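Following: one structure in structure tokens, then a few remarks.
The values are calculated or read from the model by the stated rules, or taken from the named source; none is laboratory data. Predicted model, so just to flag it, every value in this text is computed and none were measured. Positions of Cβ are backbone-derived with ideal geometry, glycine not excepted, and every protein chain shown enters the neighbour counts. For accessibility, only protein heavy atoms count, side chains too; no ligands or nucleic acids. Shrake-Rupley method; radii C 1.70, N 1.55, O 1.52, S 1.80 Å.
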Amino acid sequence: MILDAESFELVNAIEALLEPTPLGEIKPELMESVLEISTDPCGNVTEAGEQLRALRRQVAETAAGKKLAIGSAGTHPFAMWEDQRIVARPRYRDLISALRFVARQELIFGMHVHVGVDDPDKAIHVANGMRVHMPVLLGLSANSPFWRADTTGMASTRTPIFRAFPRVGIPPTYEDWEDYERRIEFMISAKVIEDYTYLWHDVRPHPNFGTVEVRVMDSQTHVEHSLGLAALVQALVRELAEHFDSGQRLSRYPYEMLDENKWLAARHGLEGELVDLPSSERVPTRALARRLLDRMRDHCADLGSLSELEAVEDLLTRGNGAARQVVVYEANHDLREVMAEIVAATLA
């Protein structure tokens with residue numbers, strides 16, 4: 001979020017903050033009040049963390065020189081989408097032309113994690129297998145309890161807002177790479193999308209990068225939480241890649257139940273329950289997340305990301321970003337105080 005340093009209101013100022021970086025990239029997004037930072041491909045999560053911290057420092061210092069500030073969360077608590085300008089880039093203007101109000105009201109902030117996968121059929125297997133983990137990742141990352149100066153009752157308000165877009169949410173399953181390619185080519189030939197990047201599902205193969213991309217998570221205020229979730233995602237991808245290499249087949253679960261679990265995670269975050277799909281029993285979301293975290297520790301040890309994974313433990317123990325925002329708000333019912341806390345924690 002690009003903010004006025006005193007009022008913490010969003011500012012349409014992206015062009016003033018675009019500048020070269022030693023590593024990674026600073027980029028515009030759909031609205032002029034939104035700034036995207038991305039690391040270069042990294043060998044491990046530690047390296048990604050060094051780049052991410054450097055990028056946050058750079059954009060914050062540049063912003064401060066222009067009486068602006070930077071904050072990271074899933075939504076801005078009191079901003080109005082009607083006040084935001086669209087970035088002067090052909091892709092974004094075309095997006096507004098195609099989607100109208102649906103795109104104009106998309107004043108939300110997400111976190112995407114790419115993990116390199118060395119085989120196209122394996123990438124499809126991994127993306128299919130990751131679908132079952134989307135609700136837990138959303139519950140851990142939920143960081144948007146306010147919208148248009150309202151307490152929404154949602155842990156991730158970003159989720160239902162983005163749901164208005166076409167081609168989003170839990171993706172379909174694909175039999176293999178050939179099936180994926182055939183189905184995408186059908187949509188391109190029908191001229192409903194230009195290319196596969198117009199499929200904005202929660203997890204997707206990204207052929208141009210050679211990655212599986214996980215997109216379900218809200219932006220994180222604390223950089224440590226971003227890195228902890230990245231470590232967890234990388235470990236899950238590794239587990240599924242090994243599953244493919246060993247010739248195993250994925251369990252199949254009803255799409256409706258995957259989607260219902262995602263809704264429950266968006267609504268309650270870590271405070272509610274999810275359906276444990278193998279048993280069909282409702283269990284505390286924290287318990288499922290804990291089970292997943294413990295299972296991934298050995299993978300993270302091999303990947304060198306055990307220290308970063310401890311931030312997921314912090315989310316389980318002290319609450320996700322949404323819960324922390326609500327604690328600040330309940331003290332004085334002051335959303336500017338919430339924003340001040342977000343700005344401070346973004347760079348802590």
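For residue 335, what is the net charge nearby, where nearby means another residue's Cβ is under 13 Å from its Cβ and Lys, Arg count +1, Asp, Glu -1? Within the 13 Å Cβ shell, the charges total -4. Our summary gives the stretch 173-241 a relative contact order of 14 percent, counting only alpha carbon pairs under 8 angstrom and 6 or more residues apart.
State the percentage of accessible surface on the chain attributable to carbon and sulfur atoms; use a 1.4 Å probe and exclude ligands, DNA and RNA.
50 percent
Once you reduce the stretch 138-182 and the stretch 33-60 to the center of their Cα atoms, the two points are 23 Å from each other. The charge dipole of the stretch 17-160, taken about the Cα centre with unit charges on the Cβ atoms of Lys, Arg (+1) and Asp, Glu (-1), comes to about 460 debye, rounded to the nearest 20. Divide the volume of the convex hull around the Cα atoms of the stretch 92-175 by the residue count and you get 128 Å³ per residue. An ellipsoid equivalent to the stretch 270-348, defined through the eigenvalues of its Cα gyration tensor, has semi-axes of 29, 20, 7 Å when rounded to whole angstrom and sorted largest first. Scoring 316-323, 140-147, 247-254 by mean Cβ neighbours within 10 Å over their residues and listing the highest first yields 140-147, 316-323, 247-254. Taking every protein chain into account, the accessible area of the chain amounts to 45 square angstrom per residue (probe 1.4 Å).
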